[in-house]
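J.: Following this message is one structure expressed as structure tokens.
The values are calculated or read from the model by the stated rules, or taken from the named source; none is laboratory data. Quick caveat: nothing in here was measured; it's all calculated off a predicted structure. As a convention, Cβ positions derive from the backbone with ideal geometry for all residues, glycine included, and neighbour counts pool all protein chains shown.
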Amino acid sequence: MVKGLFDIFRSAELLTVTIDPDAPISESRFVVLDTELTGLDQRRDSLISIGALRMAGSKIELGTYFDRMINPERVMNPKSVVIHGVMPSEVELEPPLKPILGEFLSYCKDSVLVGHCIDVDLFYLNKELRALLGRELGYPVVDTYSLYEWLTGRGVLRPQKASGGASTALFAIADDLGIPAASAHTALGDAYTTAQVFQRFLSMLRREEITTIGGLLRIGNPAGGGTRALPAGQMSNF
Amino acid sequence: MNMIIGEIVEFLGKVPPFQLLDEPQLTAVAHGVSLEFYPKGTLILKQGGKASEYLYVIKKGGIRVSRSTADEGDVTIDYRSEGDLFGYLSLFGGDKSRANVVTAEDTICYQIDRATVRKLLDTNEGVREFFLKSFLNIYIDKTFKEMHDKSMSTSSADRIMFTATVGEIASKNVITAPDSISIREAAGIMCQNKISAVVLTDANGLPSGIVTDRDLRGKVVARGRDVNEPVRYVMSAPLIRSDARDLCFEAVLKMIRYNIHHLLVVKDGAMCGMLTNHDLMLLHGNSPLSIARDIEEQQSVEGLAGVSRQVTGIVGMLMKEGARASSIVRVITEINDRLVRKLLEIAERKYGQPPLRYCWIAFGSEGRKEQTFRTDQDNAIIHADPATPHEADSAERYFSGFASFVRESLVQCGVPLCPAGFMASNPKWCQPLKNWKKYFSQWIAEPTASAVLNSVTFFDFRSVHGERMLAEELRDFLCSQLKDRKVFLGYIANMAIKNRPPIGFLKTFVVEKSGEHKDMLNMKIKGLAPIVDLVRLFALEKQARETSTLERIRALKGKHSIVTEYGEELAQAFEFIMLLRMQHQFDQVTKGNMPDNFINPETLTPLEKKTAKEAFHLISRVQDMVIERYKHMIW
């Protein structure tokens, strides 16, 4: 699990990146990601799809998206079919996970990873990475939910009366910022929504004089956020 | 296509010049697109600062373009909003930005990188044309050009404009003369050869300019210039050229752009012909001129009915050539007037000389010369006051038969009956001058609901045929009656502010809430009528004699404070809405439907939406001023 500030993983097994904490946000590269899962059971469930977009500072590079479906080689949990609308038959036609993960790793190269409640995504990504490649994603991580809590705490942003957990809060936040929730609940669609939310947050943070990557990582640390509406018990294991 | 690319393609597909691209091309462009957010007040480009690295397309929000000058400080040049572009000039035009671009509200832009735009320019003629030409034009021209492009792309008729080359239709024998000859000699050459323009050559025999009928009229006759002066003093230079291989529509664009009627045609660098707007009109076979001639030649109602059916084609053609709405309605008015006159001549032959002098008047939109696709009949007869009861009787008998015949003939020519019975065949509207005066003074003195309705309809009257002096005398009388009629004008003011235009235009249109036209915008009631009503009110206040909205605006400038301040903008707004409506109706007529005034706002391009929004804001502002002036009489 990603710990605090600059405690970037040093282990040889991890993919790490050295980030200068004084580097300006506007010159940093980000990968905003979202994954869809077969379910939320950590032992049994796994990835169905990965969607991601690159950002250069606050600019979203729309043309270089990452959008892959994965054959989980497992029976899907019928509940997640209901949520994501991905049928098992669709997924089975997709290539297996290993090469996709390789592609994704190089896609993320030298970037700060961004996601909404990203520790869930990272848990499953790292689980697969460990099993298949013997490595984990060691990149610095920013959680837009932590940023959201920080911004509402400062009174910059209006708190959402969202029910149903942090992930639905993403859409409430997006809606409040006037960001249309385009094809929600596909990995790429959610990554796009997250990227646009992150884009607005960066502009707010600039006004709060958060301009360096170090400052961003401090307040965007996934562990730093307040109470999560997401199944917290499951998180505590990792 | 995934949703990210799909979203870009869908958006750009509605935005000029990207709307010229097909889907694979748009998809390719989309892969070079980034999305950036700028909070309100962000300086995106700085005059004299770094050149733009992208072509920006505003996805949401708006920007202000300004230039800093030494003496005037920061001067706003333009506002742009959703669907508009910026950053093009400095992207390719040099090493620094030409203007300041600041976001006027929170703004999201698509950024298209230089390589992608470069590639588009290299591979797509239409895109190149758009940037090279219309991007530099002032805003209003851009809008017209866009509408013009749209009408070209939606209509499959008149393909010849896109397939015939300039070389094919240009006149081959161009008359040239040395530019050292006198004006008189040049005019002599033009008369001799029955041509409207002569190309002038310099000492080396190369074309140096052109002198046209228009130059002779405007620069010589109107200014009383000595005709023995060298013609080169009055010639138009430089010569605008067109390549013989250009398509005709490109030549039309050039003519519209430079406001000229003659293009020199060159082939491999050598002069090979002359193209006139008349050549282009003949290409369509139904130019306004040829229709006017056809009308003159007809001797029967049946013949006229045949010719009148071509009028729709004329509107379409003029629209395609990018004519302004005011020019189009002028042409249509001229043609319709000729048609009516011809019918009246036929009627006079059939019924013999009228027992009393009469004047055939038109009112309503016909009186204002604002007809497009033919609307209802709106006509009446003013005849001279009879001296004896016997004369009155015979006039009544004569004109009732005469007017009924004209009414039926007009129907045959495709002009429907007026449902309100505002026609000369109605005895009420076929009256001696003294009775018309009585009507008018009574309506003004007692402005009941029907009197006000009659006033706004009939007060836009003008003479079409017959004894013009009768109409003039009635107009004199009306003007004299209107002095200090605050109460009556109060009623007219109420009418002018009754229909408030939809103001929340850009975000949500105020549209019809139910019924057949649900979610549609009534361009006549919400857009045209308020302007017509406001300007009529101003004209009545100042007793102006003009009846057309644009003529009234011109006449009142300097005389009426609101018109002096807002006249120009009102005229532009009026032109714009009229053209939108015309285009809409033309589409309907060509599809064989009845024309109506209901436009679906979703079908407007971002540029049209923006212009319409500005027009509606203006109308509302002027209405507020009227409310302020008449506040004691507004209910």
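J.: Looking only at segment B:54-65, decide whether some residue is free of Cβ contacts under 8 Å to residues at least 12 places away in the same chain, within 12 Å of another protein chain (Cβ to nearest Cβ) and out of contact with any Leu (no Cβ under 7 Å at 6 or more places or on another chain).
T.: Among the residues of segment B:54-65, not one is free of Cβ contacts under 8 Å to residues at least 12 places away in the same chain, within 12 Å of another protein chain (Cβ to nearest Cβ) and out of contact with any Leu (no Cβ under 7 Å at 6 or more places or on another chain), which makes the answer no.
J.: Only one of (1) β-branched (Val, Ile, Thr); (2) in a helix (DSSP H, G or I); (3) over 14 Å from B:Arg536 (Cβ atoms) fails for B:Val464. Which number is that?
T.: Here B:Val464 clears every test but (2).
J.: For A:Ile179, all conditions in the list (1) modelled with pLDDT of 90 or more; (2) within 14 Å of another protein chain (Cβ to nearest Cβ); (3) surrounded by 18 or more Cβ atoms within 10 Å (Cβ to Cβ) hold save one; what is the number of the exception?
T.: For A:Ile179, the exception is condition (1).
J.: Next question. So, in segment B:160-189, of the ones that are polar (S, T, N, Q) and not in a helix (DSSP H, G or I), which residue ends up surrounded by the most Cβ atoms within 10 Å (Cβ to Cβ)?
T.: B:Thr165
J.: Of all residues being away from chain A (no Cβ under 12 Å), buried (at least 17 other Cβ atoms within 10 Å of the Cβ) and not in a helix (DSSP H, G or I) in segment B:1-36, which is modelled with the lowest pLDDT? Just the residue, please.
T.: Selected residue: B:Pro16.
J.: Further, regarding this structure: Restrict the check to segment A:138-146 and report whether at least one residue is surrounded by fewer than 22 Cβ atoms within 10 Å (Cβ to Cβ) and more than 14 Å from chain B (Cβ to nearest Cβ).
T.: There is at least one residue in segment A:138-146 that is surrounded by fewer than 22 Cβ atoms within 10 Å (Cβ to Cβ) and more than 14 Å from chain B (Cβ to nearest Cβ).
J.: When you scan segment B:190-201, do you find a residue that is more than 24 Å from B:Glu168 (Cα to Cα) and outside any strand (DSSP E or B), even just one?
T.: Looking through segment B:190-201, at least one residue is more than 24 Å from B:Glu168 (Cα to Cα) and outside any strand (DSSP E or B).
J.: With respect to the numbered conditions (1) at pLDDT 75 or above; (2) under 30 Å from B:Lys194 (Cα atoms); (3) touching a helix residue (DSSP H, G or I) at 6+ places or on another chain (Cβ under 6 Å), which one is the sole condition not fulfilled by B:Val127?
T.: It is condition (2) that B:Val127 fails.
J.: Among the residues of segment B:554-572, write down those that are part of a helix (DSSP H, G or I) and out of contact with any Phe, Trp or Tyr (no Cβ under 8 Å at 6 or more places or on another chain).
T.: B:Arg554, B:Ala555, B:Ser561, B:Thr564, B:Glu565, B:Tyr566, B:Gly567, B:Glu568, B:Glu569, B:Leu570, B:Ala571, B:Gln572
J.: Mind listing whichever residues of segment A:175-205 are touching a residue at least 40 places away in the same chain (Cβ under 8 Å) and either assigned to a loop (DSSP other than H, G, I, E, B) or basic (Lys, Arg) (or both)?
T.: A:His185, A:Thr186
J.: Does segment B:309-332 contain any residue that is over 25 Å from B:Thr212 (Cα atoms), modelled with pLDDT of 85 or more and either surrounded by 18 or more Cβ atoms within 10 Å (Cβ to Cβ) or small (Gly, Ala, Ser) (or both)?
T.: For segment B:309-332, residues over 25 Å from B:Thr212 (Cα atoms), modelled with pLDDT of 85 or more and either surrounded by 18 or more Cβ atoms within 10 Å (Cβ to Cβ) or small (Gly, Ala, Ser) (or both): absent.
J.: Another question, then. If you go through segment A:105-118, how many residues are surrounded by fewer than 21 Cβ atoms within 10 Å (Cβ to Cβ) and of a type outside the set (A, V, I, L, M)?
T.: 4
J.: Can you give me the ranges of the strands (runs of 3 or more DSSP E) entirely in segment A:40-129 with at least 1 residues that are in contact with a helix residue (DSSP H, G or I) (Cβ under 9 Å, 6 or more places away or on another chain), modelled with pLDDT of 80 or more and within 14 Å of chain B (Cβ to nearest Cβ)?
T.: Hits in segment A:40-129: A:47-56, A:59-69.
J.: Consider only pairs whose beta carbons are under 8 Å apart and that are at least six residues apart or on different chains; among these, list those whose first residue lies in segment B:212-237 and is under 12 Å from B:Ser182 (Cα atoms) and whose second residue is in a strand (DSSP E or B) and of a type in the set (A, V, I, L, M).
T.: If the second residue must be in a strand (DSSP E or B) and of a type in the set (A, V, I, L, M), the pairs left are B:Val231/B:Ala177; B:Val231/B:Leu200; B:Val231/B:Val211; B:Arg232/B:Leu200; B:Val234/B:Val211; B:Met235/B:Leu200; B:Met235/B:Ile210; B:Met235/B:Val211.
J.: Then there's this: Might you let me know whether segment B:446-459 holds any residue that is surrounded by fewer than 19 Cβ atoms within 10 Å (Cβ to Cβ) and in contact (Cβ under 8 Å) with a residue 60 or more places away in the chain?
T.: Yes, there is a match, as at least one residue in segment B:446-459 is surrounded by fewer than 19 Cβ atoms within 10 Å (Cβ to Cβ) and in contact (Cβ under 8 Å) with a residue 60 or more places away in the chain.
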